[in-house]
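Read-outs throughout are calculated quantities, based only on the coordinates presented, and are distinct from any laboratory measurement. Fair warning: this is a prediction, and the values are worked out from it, not measured in the lab. Cβ placement follows ideal geometry from the backbone for every residue including glycine, while neighbour counts extend to all protein chains displayed.
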Amino acid sequence: MTVRHPRANWTALLAAAALAVATLGACGGGDTVTTTAKTTPATPVGPPIRIGTKDFTEEFLLGELYSQALEAKGFDVRLKSNIGSSELTHRALGNKRLDMYPEYIGTLLSEVANDTKRPTSPSAAYARAKAFEERRGYTLLAPTPFSDSEALAVTPRFARRHNIDSIADLRRMAKTLTIGAPSEFSARFEGLTGLREVYDIDKPGFKALDFDKRYPSLDSGKVDVAAVFTTERQLAGSRYVLLKDPKGLFAIQHVAPIIDKAVLAAHGPRLAQVIDAVSAKLTTAAMRRMNGAVDLDGRTPRDVAEEFLRSKALV
């Protein structure tokens with residue numbers, strides 16, 4: 001999935017090794033509350049597991065979710081959040097600065113593997129992405145139930161005024177259009193390159209925006225169209241219109257952690273079991289609640305992740 005953007009921060013963050021026993025509601029109040037008595041984790045065995053994240057809210061949450069769950073089971077984890085785009089984070093993995101990071105399968109194929117042929121199903125996309133990583137000494141763990149696809153959004157007023165409901169409709173107004181998105185959108189297939197090649201939308205105006213400036217820029221009219229992500233809580237109501245994508249420019253984007261096969265082997269099957277157990281609970285509804293708790297309610301990714309993990313008895 002395409003991405004969202006504070007500056008890279010390579011400071012390793014050590015998540016807390018033991019958290020107090022608590023009864024906490026799930027993110028957004030939608031999940032059953034579970035009380036979990038947490039025991040002191042066992043002494044970590046083996047080298048630390050270095051988990052990285054890309055540079056936007058959902059990735060910060062995913063990093064915290066996986067890191068905290070692993071630490072609760074006695075693994076030594078070093079979390080490196082906010083590295084940057086997929087291209088930068090995957091490069092850090094290849095340079096052995098990371099052992100694992102959560103990635104969006106469609107983005108991995110189109111922007112890292114340079115494979116822009118759209119798979120016929122999520123399982124086909126996963127198989128193709130896993131094969132690509134295994135040739136490089138890595139593998140993919142189980143994918144999440146949720147898919148956070150990229151999309152283009154406009155305000156209802158803009159949609160009515162220009163009679164548009166599809167990305168294809170933007171072609172007739174390309175020369176007067178301004179699209180707001182993270183900076184890498186300008187050079188990505190799931191961005192201006194794909195808009196030109198797939199929809200013949202050539203050289204629209206483009207404004208590079210930080211992640212948290214996209215919706216305000218859309219609301220104020222500074223941009224006409226914004227690149228958004230389907231697990232954002234802002235899209236839960238009717239405040240924005242998601243444009244249809246009839247030609248399938250934007251890929252299905254389930255998340256799968258990419259991990260070094262040597263690290264996986266060194267820590268044994270329990271490592272994958274802990275990570276897969278977290279991934280299995282990450283539905284679209286859960287991610288919308290957690291993203292909204294950070295972006296709209298001002299909570300920290302660490303606290304939101306801890307609350308969710310406790311509600312699911314994962315710590």
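Please report the relative contact order for the chain, taking Cα pairs under 8 Å with a sequence separation of at least 6, and give it as a percent rounded to a whole number. Please list the in-between numbers first.
Values: 638 pairs, mean separation 87.5, N = 315.
The value is 28 percent.
Computed over the chain, the per-residue total of -39500 (n - 2.57) for DSSP H runs of n ≥ 4 gives a 222 nm mean residue ellipticity of -9000 deg cm²/dmol, rounded to 500. Taking every alpha-carbon pair under 8 Å whose residues sit at least 6 apart, segment 40-109 reaches a relative contact order of 40 percent. Shape analysis of segment 150-242 based on the Cα gyration tensor places the equivalent ellipsoid semi-axes at 18, 16, 12 Å, largest first. Taking springs between alpha-carbon atoms closer than 10 angstrom, which of Gly180, Gly106, Gly268 fluctuates most in the Gaussian network model of the chain? Looking only at Gly180, Gly106, Gly268, the largest GNM fluctuation is found for Gly268. Taking 7 Å steps out from each Cα toward its Cβ at Asn114 and Asp303 produces label points 4.6 nm apart.
Would you mind checking the pairs Lys207/Lys244; Lys54/Lys281; Lys73/Lys117; Lys117/Lys222; Lys117/Lys261 and listing those with alpha carbons more than 29 angstrom apart?
Violating the 29 Å limit, Cα to Cα: Lys73/Lys117; Lys117/Lys222.
For Cα pairs less than 8 Å apart in space and 6+ apart in sequence, what is the mean separation divided by the residue count of segment 150-242, i.e. the relative contact order in percent?
Details: 134 pairs, mean separation 42.0, N = 93.
It rounds to 45 percent for segment 150-242.
Between Ala272 and Thr176, the modelled label-to-label distance comes to 5.6 nm, taking each label 7 Å out from Cα in the direction of the beta carbon.
Cβ neighbours within 10 Å, averaged per peptide: list 75-86, 52-63 in order, most packed at the top.
52-63, 75-86
For the pair Thr193 and Arg135, label points projected 7 Å from Cα toward Cβ lie 1.7 nm apart.
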